[in-house]
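Quick notes on the structure that follows.
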Amino acid sequence: MKDAATALTRGLTARHIRFIALGSAIGTGLFYGSAEAIHRAGPSVLLAYLIGGAAVYIVLRALGEMAVSNPVSGSFGEYASKHLGPLAGFMTGWTYTFEMVVVCLADVTAFGVYMGFWFPDVPRWIWVLSIVFFIGAVNLLSVKVFGEMEFWFTLVKVTAIIAMIVGGAAILIFGFGIHDTDVGVSNLWTDGGFFATGFGGFIACFAIVMFAFGGTEIIGITAGEAEDPARTIPRAVNTVPVRIVLFYVLTLAVIMALNPWQEIGSEGSPFVQIFAGLGIGPAATVLNVVVITAALSAINSDVFGAGRMMYGMAQRGQAPAVMKRVSRSGVPWMTVVVMTAALLLAVVLNYLIPDRVFLVIASIATFATIFVWLMILLSQYASRRQMSADEVAELRFPVPFWPYGQLVAFGFLVFVIVVLAVVADTRVALVVGLVWLVLLTIAYRVFVARRPAVEPAPESAPLP
């Protein structure tokens, strides 16, 4: 029996898990980063989100197959250790933690930008510092409180997205004196065509598009604290990617139909810019509240995911043992402290390079995200290859399109890494990523490989 001082509590329902996954993915990538993606590709960015969403669905189905069979807190870090070897598990776990730190850096940076909508004279780093400590405090509460808070955060932004889609469609159809109905949706193809920046621009946008989907893999992390993983994980995996793709494609289509894509800048959220530009001042103010809520939600989910990953690695001896200690409410408190300290780097970056920080951070996060997704696909592929026909038949949530879907998704993700290397603005991400992987390999050889082997985390059973 596990020591109560190191055991997580199962307090996340199906409702919590679906909204945690949505909260992690529908955040800065949509409300802020989408402007950069539009700038690179023009209207063809809609096609890029559809393609990227299809690849993410395959990744999540691969993760879902393993998570339903073995719902543990270490999730895909544990699966990589089991099926690809301890070095692969070590690199996967720490790269996911690195991904969450970097994504959080982007999210807290965006929060500072959003606050500038109301307080343009206040330095951005002050807002960043305040939000880091607030989110750290929230994550020290019980997992059920976290789940409820994430549910309401996400509900606010999902409601706002739906309202924006309906409101934008109404403006396109009826005009209301603020849009020429004769123009219709022709902005999507009249200003340079659908591929307005050429095929090169379309390809280049994938570096930002895939960043937007980063964090969806948190579905696997929640399995260790889900009340009924066999039921909640499949529901989340099947519904979340579809909702994300619909939200991204429909919202950006409305935005680009209302205004020519060239006029959608990168200063603040394109959602706020559109409504402010149309002269709907109160709506722009409300939307700024929404995008701030979205940033809070994404940061909240990311700190949760990284903390649980470090907890799982500590159980396998791949992270300091202190990280598996939990509070009386069942929260791994030391991992929250580590994440909060790491996020203080965002304060420094926003003080030193406020104008360039988002693109650099987003591209580095994309590399880390793609690496983790590749390891998920490889782990599931290795797992399935080791199974007998009877074991495959007993799977409760098998992947579709086996094995061709996995191979196509794997090839696409490798293609995105090549894009990072080719595009000058994102090449730094590949350099940082490769250096990171080399450092992890050295750290594993020095600190982990020489230790006695630690038994992997036992399979978690759902509550009766």
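The values are calculated or read from the model by the stated rules, or taken from the named source; none is laboratory data. Everything numeric here is computed off the predicted structure, so don't read it as measured data. We place every Cβ from the backbone using ideal geometry, glycine too, and count neighbours over all the protein chains shown. For the accessible areas, the whole protein counts, side chains as well, though only heavy atoms, and no ligand, DNA or RNA atoms are used. Shrake-Rupley method; radii C 1.70, N 1.55, O 1.52, S 1.80 Å.
Can you confirm whether Arg231 is of a type outside the set (A, V, I, L, M, F, W, C), modelled with pLDDT under 80 and open to solvent by 10 Å² or more (accessible area, probe 1.4 Å)?
Here the answer is no, as Arg231 does not meet what is asked.
Within segment 153-180, how many residues turn out to be of a type in the set (Ser, Thr, Tyr) and out of contact with any helix residue (DSSP H, G or I) (no Cβ under 7 Å at 6 or more places or on another chain)?
Within segment 153-180, residues that are of a type in the set (Ser, Thr, Tyr) and out of contact with any helix residue (DSSP H, G or I) (no Cβ under 7 Å at 6 or more places or on another chain) number 1.
Taking only segment 53-90 into account, find how many residues are of a type outside the set (A, V, I, L, M, F, W, C), in a helix (DSSP H, G or I) and open to solvent by less than 10 Å² (accessible area, probe 1.4 Å).
8
Which of the residues belonging to segment 32-52 are open to solvent by 10 Å² or more (accessible area, probe 1.4 Å), within 19 Å of Gly198 (Cβ to Cβ) and either in contact with a Cys (Cβ under 6 Å, 6 or more places away or on another chain) or not in a helix (DSSP H, G or I) (or both)?
Arg40
When you go through Phe146, Phe151 one by one, which is the residue that is touching a Lys or Arg at 6+ places or on another chain (Cβ under 9 Å) and either open to solvent by less than 30 Å² (accessible area, probe 1.4 Å) or on the phi > 0 side of the Ramachandran plot (or both)?
Exactly one of Phe146, Phe151 is touching a Lys or Arg at 6+ places or on another chain (Cβ under 9 Å) and either open to solvent by less than 30 Å² (accessible area, probe 1.4 Å) or on the phi > 0 side of the Ramachandran plot (or both), namely Phe151.
Quick check on this structure: which one of Ile135, Ile126, Ile171 is under 23 Å from the mean Cα position of the chain (by Cα) and either aliphatic (A, V, I, L, M) or buried (at least 19 other Cβ atoms within 10 Å of the Cβ) (or both)?
Within the list Ile135, Ile126, Ile171, the selection yields Ile135.
Looking at Thr251, Thr216, which one is more than 21 Å from Asp302 (Cβ to Cβ), within 19 Å of the chain's Cα centre (by Cα) and open to solvent by less than 10 Å² (accessible area, probe 1.4 Å)?
Just a single option satisfies the conditions, and that option is Thr251.
Looking at segment 434-464, which of the residues that are at pLDDT 70 or above and over 24 Å from Ala314 (Cβ atoms) is most open to solvent (accessible area, probe 1.4 Å)?
By that ranking, first place goes to Leu434.
Does Phe206 satisfy the condition of being closer than 23 Å to Glu78 by Cβ, at pLDDT 80 or above, in contact with a Gly (Cβ under 8 Å, 6 or more places away or on another chain) and among the aromatic types (Phe, Trp, Tyr)?
no
Can you name the helices (runs of 4 or more DSSP H) wholly within segment 179-244 that have at least 1 residues being more than 30 Å from Glu65 (Cβ to Cβ) and of a type outside the set (Gly, Ala, Ser)?
Helices (runs of 4 or more DSSP H) meeting the threshold: 198-204.
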